[in-house]
RNA sequence: GGGAUUGUAACUCAGAUGGCUAGAGUGCAGCAUUCACAUUGCUGAAGUCAGGGGUUCGAAUCCCUUCAAUCCCACCA
């Protein structure tokens with residue numbers, strides 16, 4: 001025998017994967033005459049290692065890709081990685097700070113070199129990890145969000161939007177991370193609850209509350225709600241003088257409805273530079289504002305004696321001073337409120353006003369289906385018109401909710417790692433600033449003037465990710481040629497022509513805003529096409545305690561490589577697919593992985609059996625030739641399962657598809673067909689059916705299926721190149737299949753009675769039946785009977801659930817042990833009979849329910865009645881004796 | 001404050017468009033043993049489908065409501 005007793009995943013997986021790569025089975029071919037199927041891989045961040053959530057999306061996408069290949073399509077699954085500007089930047093800065101350095105110490109150039117080195121390293125690791133999960137994307141088309149082609153397309157996009165007036169530069173309030181010293185987009189800000197002290201301060205005749213006394217230095221305005229009767233005597237614009245932290249200050253009264261009458265005393269001072277709401281109030285009333293905290297998080301000279309100190313240092317001293325001036329009325333030490341933090345770096349966000357680049361989402365200048373629309377409108381339209389389907393559907397609501405509240409997208413970042421903004425500035429003779437936006441650095445040909453300086457900022461990492469579906473399909477060689485326009489690039493790149501729009505985008509629901517929406521936004525603008533036709537969203541993987549896996553709780557993290565080591569990649573894949581429905585989160589459970597590992601082994605041993613009973617020469621047959629009704633039963637089941645599995649896969653219902661295969665293979669194929677095959681061998685059908693099963697299971701468990709295929713059928717070529725063959729059946733097979741179902745019932749019931757009565761070696765008598773005679777040895781063996789004998793009339797215990805007349809040769813004393821169960825069963829029958837009877841007595845049911853259903857109900861009732869009758873008779877007969 | 005999701009066996013979860021006696025994995029109980037597989041086989045026990053109400057001939061499934069949990073968005077200075 002060629003196969004070992006147990007399936008050893010670690011032994012086969014690397015070999016099998018190497019074989020796939022060698023044979024280029026993952027390679028897409030745009031020139032193929034087959035139908036094309038395309039999908040881009042969401043590029044994972046190049047921060048190092050993969051987690052289980054990566055394993056999840058790689059598995060789902062790999063199932064899709066392998067399924068479509070077996071479905072006779074030309075498949076492009078395009079892999080790549082993301083430079084992950086903010087995340088990687090934070091990581092490198094953390095490394096530096098461990099060495100006692102900051103990025104300014106080493107300078108921009110050295111910082112970038114160091115980052116590149118780090119990223120190149122982690123990329124290699126990650127790609128190998130993807131391989132060990134079994135993912136089979138087209139590695140020949142591996143892309144990277146910070147490669148040359150990407151830079152070109154990013155700049156093309158920036159330029160095109162700039163020329164349309166969709167990108168503008170402006171001073172706005174933004175989320176500032178004082179640690180990384182960069183802007184953070186709204187979506188990247190997390191809110192965390194914090195307990196702090198709320199101070200009630202005396203401000204002249206008023207009382208104001210604050211948790212941030214350090215922002216109070218710039219106070220010039222006092223805002224009250226115009227509907228507040230308590231302060232109706234104070235007029236808008238009225239000025240008052242009060243004693244404040246650093247002496248006498250003049251305040252102007254402003255009335256604005258943003259003030260909550262019920263919070264504190266209903267009076268507030270505002271700090272527009274460092275608060276979004278205050279900023280909005282200031283904008284409405286045309287107020288002046290100034291910066292109090294600098295971009296490093298330190299107080300500016302306006303804070304007088306506290307200037308140069310960080311907030312942490314200054315706050316207690318400021319409190320001390322306020323206290324000494326008797327300006328603190330009272331303090332609430334248990335005040336709970338939400339603070340904003342950068343989700344990537346965990347730093348406290350300090351709102352700041354700064355010159356930034358923005359994308360205008362409301363300007364209606366984009367040509368879309370012959371109308372001029374804004375980004376916001378296009379985002380709404382493509383979903384409303386079903387140009388793009390989101391699965392599961394409920395995420396459409398979440399999507400619209402987000403789009404409706406969308407504000408201009410701030411795309412500039414002050415970190416160093418990322419796409420540099422393609423804008424250059426210089427000062428001309430009149431000391432005015434000139435600006436140049438272009439694809440490549442401009443050349444300054446004037447002598448004696450300052451040359452062009454590129455904007456120091458980089459772009460939000462999601463800006464380049466947003467181009468992912470089309471930028472990756474552009475031919476890199478063409479992109480090097482700046483003589484070609486962007487349109488030329490699109491129209492001359494075979495991959496773009498063939499594969500765009502892509503068929504599916506498969507990703508987690510948590511990045512629907514960051515990524516999915518922004519891909520739609522940028523792609524529609526740049527290509528005039530939608531980026532994908534379907535969005536399939538999967539859930540988050542959580543740890544066994546039901547919480548999010550997070551780096552701050554290392555015990556919650558599961559390392560997919562360790563799992564693969566222990567149980568194999570196929571086991572991991574199905575462990576996280578089993579029993580999970582689209583869009584729902586899943587809790588990682590090692591039990592499920594184990595169950596899948598056992599299933600691998602089951603498959604393995606089925607194959608081992610087949611190999612064992614097969615002649616050495618394996619002939620390709622594919623005829624599914626049947627010799628008896630068991631064979632026909634199998635063929636019918638195969639056919640049904642095959643159709644259903646393909647149907648589930650078309651609907652992205654992976655868990656259900658897998659579940660069906662699992663049950664079929666284990667409960668039907670192994671437990672019944674293989675068992676009967678020991679006495680009734682049909683070698684070609686065994687091989688044909690195994691081939692079908694391996695193909696069906698292959699998208700889910702590629703390694704074990706390919707390993708078996710290689711050992712058993714290696715001459716038949718690579719599994720991944722085969723297409724599904726439909727198992728042929730004809731109508732009279734169905735009747736045979738039903739016959740065998742009856743025989744299975746017979747065997748099950750016989751086993752049960754023998755178990756309950758604790759008897760062995762019992763004889764089964766049966767009234768003349770051709771089928772039982774034909775299957776006599778099989779029934780005997782599977783039910784563990786001593787013999788199976790045809791008789792003219794019955795004797796012994798009559799089987800209830802079977803259509804045939806047969807009896808087990810059991811003495812009444814033994815049956816008595818079983819009597820309690822039997823009476824229990826009897827009352828179960830009665831309960832169900834009552835239920836069905838009530839239904840059939842209901843006139844409305846008879847009038848309104850479909851005819852077919854009524855007939856079914858009647859039939860069920862008849863069956864139950866007769867079973868009950870039989871059982872009752874038997875019990876009585878045996879009780880009498 | 002706005003919104004989404006979840007509540008089904010001891011545990012983790014499936015049950016799309018309402019229609020058999022509500023299923024699986026794990027666990028549990030009993031039995032089997034040199035058979036392809038102990039990563040096994042056979043048999044079994046275990047559920048008021050969170051509670052209440054409604055629609056319907058018929059509800060785990062649809063609607064309303066209460067309770068509990070998780071998450072997203074927006075936020076009070």
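In whole angstrom, note down how far apart the Cα centers of region A:685-700 and region A:383-436 are.
When both Cα centres are located, 48 Å separates them.
Using r as the Cβ-Cβ distance of residue A:302 and residue A:405, and R0 as 30 Å, what FRET efficiency do you calculate, to the nearest 0.05?
Numbers: r = 34 Å, r/R0 = 1.13.
Computed FRET efficiency for residue A:302 and residue A:405 comes out at 0.30.
So the label point goes 7 Å from the Cα of residue A:831 along Cα→C-beta, right? Which residues of region A:776-817 then have their backbone N under 20 Å from it?
Once the point is set 7 Å along Cα→Cβ of residue A:831, A:801 turn out to lie under 20 Å by backbone N, inside region A:776-817.
Quick one: grab the alpha carbon gyration tensor of region A:1-104, order the square roots of its eigenvalues as a ≥ b ≥ c, and give me rounded if a/c is under 1.5, else prolate or oblate depending on whether a/b is larger than b/c.
Working: a/c = 3.17, a/b = 1.60, b/c = 1.97.
It is oblate, given that a/c is not under 1.5 and a/b is not larger than b/c.
How long is the gain from residue A:650 to residue A:594 if the chain were fully straight, where each residue apart is worth 0.36 nm and the alpha carbon distance is subtracted? Could the numbers behind the result be given before it?
Working: separation 56, 0.36 × 56 = 20.16 nm, distance 2.74 nm.
Value of the extension gain: 17.4 nm.
Take each of the peptides A:364-370, A:509-515, average the number of other beta-carbon atoms within 10 Å over its residues, and list them starting from the highest. Before the final figure, lay out each step's value.
Working: A:364-370: 13.0, A:509-515: 18.3.
By packing density, highest mean first, the sequence is A:509-515, A:364-370.
What is the percent of Cα-Cα separations in region A:150-242 that go past 22 Å? Walk me through the numbers before you get to the answer.
Values: 2608 of 4278 pairs.
For region A:150-242, the fraction of Cα-Cα distances above 22 Å is 61 percent.
Distance between the C-alpha centers of region A:727-805 and region A:137-197? Whole Å please.
When both Cα centres are located, 71 Å separates them.
With contacts defined as alpha carbon pairs under 8 Å and 6 or more residues apart, what's the relative contact order of chain A in percent?
The normalised contact order for chain A reaches 13 percent.
What Rg and what Dmax come out for region A:224-270 when only alpha-carbon atoms are used, in angstroms?
Expressed in Å, the Cα Rg and Dmax of region A:224-270 come to 11.2, 32.
How many angstrom lie between the Cα centre of region A:276-340 and the Cα centre of region A:808-876?
79
Expressed as cubic angstrom per residue, what is the convex hull volume of the alpha carbon set of region A:610-713? Working shown, then result.
Values: hull volume 9.7 nm³, N = 104.
Per residue, the Cα convex hull of region A:610-713 comes to 94 Å³.
Could you give me D for region A:286-347, from Stokes-Einstein at 4 °C and 1.567 mPa s, where the hydrodynamic radius is the Kirkwood radius over C-alpha pairs? Units µm² s⁻¹, please. Working shown, then result.
Numbers: Rh = 14.2 Å.
Once the numbers are plugged in, D ends up at 92 µm²/s.
To the nearest 500 deg cm²/dmol, what mean residue ellipticity at 222 nm is calculated for chain A from DSSP H runs of n ≥ 4 alone, each contributing -39,500 (n - 2.57), summed and divided by the residues? Don't skip to the end; give the middle numbers.
Values: 27 runs with 378 residues, N = 881.
Taking each H run of at least 4 residues, the total per residue is -14000 deg cm²/dmol.
So if we plug the beta-carbon distance of residue A:238 and residue A:189 into 1/(1 + (r/R0)^6) with R0 = 56 Å, what FRET efficiency do we get, rounded to 0.05? Kindly include the intermediate steps, with their values, before the conclusion.
Numbers: r = 37 Å, r/R0 = 0.65.
My answer for the efficiency is 0.95.
Within region A:625-662, list the residues whose amide N lies under 19 Å from a label point set 7 Å along Cα→Cβ of residue A:730.
Label zone hits: A:625-640.
From the Cα gyration tensor of region A:580-664, with a ≥ b ≥ c the square roots of its eigenvalues, which class applies: rounded if a/c is under 1.5, or else prolate if a/b is larger than b/c, or else oblate?
Oblate, since a/c reaches 1.5 and b/c is not below a/b.
D for region A:348-401, whole µm²/s, Stokes-Einstein with Kirkwood Rh over alpha-carbon pairs at 10 °C and 1.306 mPa s: what number? Mind showing how you got there, number by number?
On the way: Rh = 13.6 Å.
So the translational diffusion coefficient is about 117 µm²/s.
Give me the percent of Cα-Cα pairs in region A:677-777 that sit more than 20 Å apart, rounded to a whole number. Working shown, then result.
Numbers: 3001 of 5050 pairs.
Here the long-distance tail beyond 20 Å is 59 percent of all Cα pairs in region A:677-777.
What ranking, highest mean first, results for peptides A:304-310, A:38-44, A:211-217, A:847-853 when packing means the other Cβ atoms within 10 Å averaged over each residue? Numbers along the way, then the final one.
Numbers: A:304-310: 15.1, A:38-44: 24.4, A:211-217: 20.6, A:847-853: 9.4.
With the highest mean Cβ count within 10 Å placed first, the list reads A:38-44, A:211-217, A:304-310, A:847-853.
I need the calculated FRET efficiency for the pair residue A:365 and residue A:858, taking r as the beta carbon distance and R₀ as 51 Å, to the nearest 0.05. Numbers along the way, then the final one.
Numbers: r = 68 Å, r/R0 = 1.34.
With R0 = 51 Å, the Cβ-Cβ based efficiency is 0.15.
Write down the radius of gyration of region A:134-200 and its Dmax, each obtained from C-alpha positions, in Å.
Spelled out, the Cα radius of gyration and Dmax of region A:134-200 are 20.1, 65 Å.
Provide the gained length on full extension for the span residue A:171 to residue A:230, in nm with one decimal, where the gain is 0.36 nm per separating residue minus the Cα-Cα distance. Could the numbers behind the result be given before it?
Values: separation 59, 0.36 × 59 = 21.24 nm, distance 3.65 nm.
Result for the pair: 17.6 nm of gain on full extension.
Roughly speaking, what is the stretch gain from residue A:678 to residue A:453, that is 0.36 nm per residue apart minus the C-alpha to C-alpha distance, in nm to one decimal?
On the way: separation 225, 0.36 × 225 = 81.00 nm, distance 8.13 nm.
So the chain would gain 72.9 nm between residue A:678 and residue A:453.
Pairs of alpha-carbon atoms within less than 8 angstrom and 6+ residues apart define the contacts here; what relative contact order does region A:645-760 have, in percent?
On the way: 33 pairs, mean separation 18.0, N = 116.
Answer for region A:645-760 is 16 percent.
Cβ neighbours within 10 Å, averaged per peptide: list A:749-762, A:636-649 in order, most packed at the top.
Details: A:749-762: 16.1, A:636-649: 18.9.
With the highest mean Cβ count within 10 Å placed first, the list reads A:636-649, A:749-762.
Could you check the spin-label model distance between residue A:787 and residue A:288? Points 7 Å from the Cα along Cα→Cβ, value in nm.
In this crude spin-label approximation the distance works out to 11.5 nm.
At a threshold of 8 angstrom on Cα-Cα distance, excluding pairs fewer than six apart, so keeping six or more, what relative contact order does region A:826-879 reach in percent? Don't skip to the end; give the middle numbers.
Values: 21 pairs, mean separation 26.9, N = 54.
So the answer I get is 50 percent.
Stick to the Cα atoms of chain A, pair each with every other, and give me the Kirkwood hydrodynamic radius in Å at one decimal.
Details: mean 1/r = 0.0301 Å⁻¹.
Radius from the Kirkwood sum: 33.2 Å.
Taking the convex hull of the Cα atoms, report for region A:626-671 its projected area averaged over all directions, in nm². Present the calculation step by step, with values, prior to reporting the outcome.
Values: hull surface 12.0 nm².
Reported value for the Cα convex hull: 3.0 nm².
Using a ≥ b ≥ c from the Cα gyration tensor of region A:517-616 (square roots of the eigenvalues), is it rounded, prolate or oblate, where a/c under 1.5 gives rounded and otherwise the larger of a/b and b/c decides, a/b for prolate?
Details: a/c = 3.15, a/b = 1.52, b/c = 2.08.
Note, shape of region A:517-616 comes out oblate.
Each reported figure results from applying straightforward, stated rules to the coordinates on display, with no laboratory input. It should be emphasised that the depicted structure is a prediction, and the values quoted were computed from it without experimental measurement. We place every Cβ from the backbone using ideal geometry, glycine too, and count neighbours over all the protein chains shown.
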